[in-house]
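This report refers to the structure that appears directly beneath it.
The values are calculated or read from the model by the stated rules, or taken from the named source; none is laboratory data. The structure displayed is predicted, hence computed values, not measured ones. When we count neighbours, we look across all protein chains shown, and the Cβ atoms used for this are built from the backbone with ideal geometry, even at glycine.
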Amino acid sequence: MTTLILFPEKRAVLAALRERAAIASAEARKKCRFRVEPHNGGWAVISVDSDRLHGQCKNHKEAVQYAEQLERALDKREATTSAVKGFADRMFRWALILGLAMLGLALWGTR
């Protein structure tokens with residue numbers, strides 16, 4: 001047995017679905033850093049942020065693979081940068097602590 005949805009209710013359901021689709025599309029666009037567009041008889045890989053051309057390919061599949069490769073390289077670089085930054089922060093803290101301890105001992109020794 002099927003339920004009947006009245007016309008105003010159908011409009012409300014459709015409006016909610018359109019809103020969800022718009023939100024999902026916006027979230028998907030935020031995650032992508034490169035887009036693939038037709039360009040001079042081939043396909044171009046373009047940065048979303050700066051509209052800079054990163055490469056051209058003859059077919060769409062190669063262009064998408066190249067864009068995915070660029071995404072993976074950026075993810076890898078960001079992960080490495082955060083690891084190095086964490087190490088540098090820890091080393092700076094230790095150097096600061098040791099420097100303050102040495103200064104305290106030097107001041108204590110002059111008394």
For region 26-47, which positions are surrounded by 10 or more Cβ atoms within 10 Å (Cβ to Cβ) and modelled with pLDDT under 85? R29, C32
What is the number of the single condition among (1) touching a residue at least 24 places away in the same chain (Cβ under 8 Å); (2) touching a helix residue (DSSP H, G or I) at 6+ places or on another chain (Cβ under 6 Å); (3) not aromatic (F, W, Y) that C57 does not meet? (1)
Among (1) loosely packed, with under 10 Cβ neighbours inside 10 Å; (2) under 19 Å from A28 (Cβ atoms), E71 falls short only on (1)
Residue check: is K58 in contact with a Gly (Cβ under 9 Å, 6 or more places away or on another chain) and loosely packed, with under 12 Cβ neighbours inside 10 Å? yes
